[in-house]
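What follows is a single structure, written as structure tokens, with notes after it.
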Amino acid sequence: MGNDFYRKLGATFLVIAAIIYAFERVGWRIAFAIEANSGNGVASPVHTGFFDNLFVPVFSLVGIILFVYGFPGKKE
């Protein structure tokens, strides 16, 4: 397994973390819009954070580690 494999795997983990985070934000906005349009009164919105979903920071950390590991070091 060459360094190119680790770069691709790290980039894949980072993209997956971004997709999960984006879906979570979109779902939150849809749920808030439904609640706001229900007419029952709505509290101020509470935004989802980066660490609210366990998978996003874990996938990001694994992706960064693999991505950095994939770059070649100094050859002596």
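The values are calculated or read from the model by the stated rules, or taken from the named source; none is laboratory data. As the structure is a computational prediction, the values presented were derived from the model and not from experiment. When we count neighbours, we look across all protein chains shown, and the Cβ atoms used for this are built from the backbone with ideal geometry, even at glycine. Just so you know, the surface numbers come from the protein's heavy atoms only, side chains and all, with ligands and any DNA or RNA stripped out. Shrake-Rupley method; radii C 1.70, N 1.55, O 1.52, S 1.80 Å.
Assorted remarks:
- Tilt relative to the chain, helix 3-37 - C-alpha long axis, 0 to 90 degrees, to 10: 0
- Per-residue ellipticity at 222 nm, computed for the chain from helices alone with -39500 (n - 2.57) per DSSP H run of at least four residues, works out to -23500 deg cm²/dmol.
- For the chain, the longest principal axis of the C-alpha atoms and the axis of helix 55-69 are separated by about 20°.
- Global geometry of the chain, whether rounded, prolate or oblate, following the gyration tensor of its Cα atoms and the 1.5 cut on a/c: prolate
- Normalised contact order of the chain, rounded percent, pairs of Cα under 8 Å and 6 or more residues apart: 62
- Cut-off 13 Å between beta-carbons: net charge of the residues surrounding residue 31, Lys and Arg +1, Asp and Glu -1: 0
- The residues of the stretch 3-70 expose, per residue, 70 Å² of accessible area to a 1.4 Å probe.
- Surface share of carbon and sulfur [accessible, 1.4 angstrom probe, percent] for the chain: 69
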